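Encoded as structure tokens, the structure appears first; notes follow it.
Nothing in this text is a laboratory measurement; each read-out follows from the coordinates by a stated rule. Everything quoted here is computed from the prediction, not taken from an experiment. Heads up, the Cβs are rebuilt from the backbone with ideal geometry, glycines too, and the neighbour counts pull from every protein chain shown.
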Amino acid sequence: MPTCPKCQQTERQNKAGRTESGAQRYKCMRCGHKYTPEPKPRGYPEEMRKQALQMYVDGMNLRRIARHLGVHHRTVSLWIQAYAARISEVPLPEEVKEVEMDELFTFIGHKKTGSTSSPL
């Protein structure tokens, strides 16, 4: 039987519903104090946050990460923003010593041809 944290009474402790997270609440019938004997820790496990960050770094989008972990996509976004804020600013080198470039072609639009073409 749980012990009232206010009066230390162990008898006459009645169940008084549950918290939003599902933990059992009790009411001491001696002093009337309502309490949760062992409240669940708030928030999500750190391991889940690390997993979300790793998925994001690997290229997965926020909504897919959220579906996979069973959380809201905004929650994943807040985790990533919080982690980014903790990272110290990376110092940029003062002088660029070597640059590598590749050729890149970009095609915009397409060739327009008429629907009826007749050879002349």
Next on the checklist: What are the pairs with Cβ atoms under 7 angstrom where one residue, in the stretch 35-57, is closer than 22 Å to Ile80 by Cβ and the other, located anywhere, is assigned to a loop (DSSP other than H, G, I, E, B) and of a type in the set (A, V, I, L, M)? Sequence gap at least six, or different chains.
Outcome noted: Tyr44/Val71
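For (1) farther than 30 Å from Thr3 by Cα; (2) surrounded by 11 or more Cβ atoms within 10 Å (Cβ to Cβ), each residue gets a yes or a no:
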| site | (1), (2) |
| --- | --- |
| Gly17 | no, no |
| Gly22 | no, no |
| Glu38 | no, no |
| Arg42 | no, no |
| Pro45 | no, no |
| Ile65 | yes, yes |
| Pro91 | yes, no |
Item to check | So Ala52, is it among the small types (Gly, Ala, Ser) and under 10 Å from the mean Cα position of the chain (by Cα) | outcome: yes
